[in-house]
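This report concerns only the one structure given below.
The values are calculated or read from the model by the stated rules, or taken from the named source; none is laboratory data. Quick caveat, the model's predicted, so the values are computed rather than measured. When we count neighbours, we look across all protein chains shown, and the Cβ atoms used for this are built from the backbone with ideal geometry, even at glycine. Surface accessibility is based on the protein's heavy atoms, side chains included, excluding ligands, DNA and RNA. Shrake-Rupley method; radii C 1.70, N 1.55, O 1.52, S 1.80 Å.
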Amino acid sequence: MEAAEKISVGVIKEKTKSKGYVLRKLFFACLYLSTFTFGGGYVIVTLLKEKFVDHYHWIEEDEMLDLVAIAQSSPGPIAVNGAIVVGYKLAGILGLVSVIGAIIPPMVILSVISVFYDAFCSNYYIAALLKGMTAGVGAVIMSVVYDMGKNVVKSKDWVNVVIMIISFCLSYFLNVNIIYIILLVAVFGMVRTIVKGGREK
């Protein structure tokens, strides 16, 4: 009986330890990514994938695509939304410590910049630095597009491939607001799922 109780206590401690480990990794990973991410929320998407899919192997690629879709279609910055959905996926409500890690660096950096705003605006070297970073950000965003598009093509669901191409054309060539595209695709996906579920029954 005592042996069984010891085993049970050991299992509980191990679960608690692993939960604490995940929470620490979540916080510091999001803190690190947010600190060194420049160029907007889409840049952090590929870094979240690299960290939690490729490095830790905590999330599958298909799941990451779904989480990114949820983050993008929800109100608010995609970087914060991405931290929320990843944290909740991995550790439930407690996983929202990822949000704290994600918002601390911008708050600190913007607070410092606001104090020296006039000096930054007129500084030639700061302007050159930001221009150089813009080129790097463009490359990172292209990497995000390639990774996400590649996974859609790999799924061999040609309806999704057609949706991806049409959405790109509407946004890039016709300048249709991305909100309308997301809403239309969401409605289409819902109808498709309902019809598919009815056929399977």
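Check off (1) closer than 15 Å to Val68 by Cβ; (2) of a type in the set (Ser, Thr, Tyr); (3) open to solvent by less than 80 Å² (accessible area, probe 1.4 Å) for Ser171 and give me the number that stays unchecked.
The one condition Ser171 does not meet is (1).
Does Thr16 satisfy being at pLDDT below 85 and surrounded by 15 or more Cβ atoms within 10 Å (Cβ to Cβ)?
Numbers: at pLDDT below 85: yes; surrounded by 15 or more Cβ atoms within 10 Å (Cβ to Cβ): no.
No; evaluated as a whole, the condition is false for this residue.
Which residues, counting only those in segment 122-136, are exposed (fewer than 10 other Cβ atoms within 10 Å of the Cβ) and of a type outside the set (Gly, Ala, Ser)?
Listed by number, the residues that qualify are Tyr124, Tyr125, Lys131.
Pairs needed: first member in segment 114-133, farther than 15 Å from Phe38 by Cα; second member anywhere, part of a helix (DSSP H, G or I); C-beta distance under 6 Å; at least 6 residues apart or different chains.
Listed by first residue and then by second, the contacts come to Phe120/Ile126.
Scan segment 174-201 and report the pairs whose first residue is among the basic types (Lys, Arg) and whose second residue is loosely packed, with under 12 Cβ neighbours inside 10 Å and in a helix (DSSP H, G or I), with Cβ atoms within less than 8 Å and a gap of 6+ or a chain change.
Going by the 8 Å Cβ cut-off, the qualifying pairs are Arg192/Val159.
Take segment 40-58 and flag every residue that is part of a loop (DSSP other than H, G, I, E, B) and either open to solvent by 50 Å² or more (accessible area, probe 1.4 Å) or farther than 19 Å from Tyr146 by Cα (or both).
First pass over segment 40-58, keeping only residues part of a loop (DSSP other than H, G, I, E, B): 40, 56-58.
If the condition is that a residue be part of a loop (DSSP other than H, G, I, E, B) and either open to solvent by 50 Å² or more (accessible area, probe 1.4 Å) or farther than 19 Å from Tyr146 by Cα (or both), then Tyr56, His57, Trp58 are the ones that fit.
Which residue out of Lys196, Lys150, Lys156 is modelled with pLDDT under 85, part of a helix (DSSP H, G or I) and open to solvent by 100 Å² or more (accessible area, probe 1.4 Å)?
On the way: Lys150 fails: open to solvent by 100 Å² or more (accessible area, probe 1.4 Å); Lys156 fails: part of a helix (DSSP H, G or I).
Just a single option satisfies the conditions, and that option is Lys196.
Scan segment 22-39 for residues that are open to solvent by 100 Å² or more (accessible area, probe 1.4 Å) and either at pLDDT 85 or above or part of a helix (DSSP H, G or I) (or both) and jot them down. Steps first, please.
Of the residues in segment 22-39, the ones open to solvent by 100 Å² or more (accessible area, probe 1.4 Å) are 24, 28, 32, 36, 38.
Within segment 22-39, Arg24, Phe28, Tyr32 qualify.
Looking at Val97, Val108, which is the one that is modelled with pLDDT of 90 or more and open to solvent by 70 Å² or more (accessible area, probe 1.4 Å)? Talk me through it step by step, then tell me what you get.
Numbers: Val97 fails: open to solvent by 70 Å² or more (accessible area, probe 1.4 Å).
Only one candidate passes the filter, namely Val108.
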